[in-house]
Amino acid sequence: MSDSLKAAFDLKSYEAVLRAGLDGGYQFVSFGDIGKERADRSCLLRHDVDSELLGCGGMLDVEKSLGIKATYFLMTRSTAYNPFSVEGTAMVARMLRDGHSIGLHFMGERCEGKNADFVIEEVQRETRWLESEFGTRIEAVSFHQPTQAILDAQIAFPGLVNTYNAAQMSPYFYVSDTNMNWRHDHPLDIFERAIHPRLQLLIHPMWWTPQPLDMLDKWRKVLRDNRQAVVDHWQSRERTLANVKLIADDTAGPGQRA
Ligand SMILES: [Zn+2]
């Protein structure tokens, strides 16, 4: 596989990764399937959605075209998006319609200094919010920036897979695109050479833009798109905002204006 595909973080490269998985005989399974896999090779395709819920359409298109199912882990407390908003529920409904699963992406910093009982109660509460809103079963929780104490605690949540619980995740090998940096083999190599027959692949949708961009520009894009979504929402509903320019041109981005 070409090095340029491996270096790129765009949807074309993402598609190549998934195709390599299919070609390599990997079955894409959900977290509820752990221990019940029917194929020799399986992949848990995990998406932690930190800021980019409304921007997941391109990734969904790619997965749908290949018939691949993933689990989208959603925050209920993201500052950047609201899964219960008009636009958020539409995107989540699309995920479910396409056959994907929904997980809980829990804000790890809320656990600072708290004991395991508190964490379990909070995770169960937020899980119920998602389940009752979207009428689907939540099978797993992933932590956003978990504290070391949370990692060390290896909490077992009743009825939920904890993606950072080593015993529950065994024998899945964990590979992540965190900060656009693969600390292990590139997933293309893993799939092509079947280096890990059980693979948990964490892909953050915001890194896989339609066009290649550097990391800061990917951040600018997701923040700008979220801001635009808020403006579009109100401008289409409030006559007092019609024909008003609400967002200044800042294509250079805030970092370059400073
Ligand atoms: Zn996260």
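Laid out as a table, the results:
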{"item": "Protection-proxy order for peptides 51-59, 6-14, 144-152, each taking the mean of Cβ atoms within 10 Å per residue, highest first", "result": "51-59, 6-14, 144-152"}
{"item": "Cα gyration tensor shape of the chain, rounded if a/c is under 1.5, else prolate or oblate by comparing a/b with b/c", "result": "oblate"}
{"item": "Built amide H within the under 5 Å cut-off of residue 140, gap 5+", "result": "104, 161"}
{"item": "Euclidean distance of C-alpha centroids, segment 38-93 and segment 145-160, integer Å", "result": "22"}
{"item": "R0 of 35 Å, Cβ-Cβ distance residue 180-residue 98: FRET efficiency to nearest 0.05", "result": "0.85"}
{"item": "Relative contact order of the chain, defined on C-alpha pairs under 8 angstrom at six or more residues apart (%)", "result": "25"}
{"item": "Across 12/36; 36/69; 6/36; 64/245; 6/64; 36/114, pairs whose alpha-carbon gap is larger than 25 Å", "result": "12/36; 6/36; 64/245; 36/114"}
{"item": "Calculated P(r) of segment 132-258 - Cα pairs past 17 Å, %", "result": "74"}
{"item": "Segment 6-124: relative contact order in percent, alpha carbon pairs under 8 Å with at least 6 residues between", "result": "23"}
{"item": "For segment 165-173, Karplus couplings with θ = phi - 60° (6.51, -1.76, 1.60), whole Hz, Gly/Pro x", "result": "8, 4, 5, 5, 8, 5, x, 6, 7"}
{"item": "Residue-count net charge about residue 85 - beta-carbon cut-off 13 Å; Lys, Arg +1, Asp, Glu -1", "result": "-2"}
{"item": "Length added when fully stretched, residue 151-residue 85, from 0.36 nm per residue minus Cα-Cα", "result": "20.6 nm"}
{"item": "Label zone at residue 229 (point 7 Å along Cα-to-Cβ), backbone N below 20 Å, segment 52-66", "result": "52-64"}
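Coordinate-derived values only; no laboratory data. Worth saying up front: this structure is predicted, and the values here are computed from it rather than measured. So basically every Cβ, Gly included, is an ideal-geometry build from the backbone, and we count neighbours across all protein chains shown.
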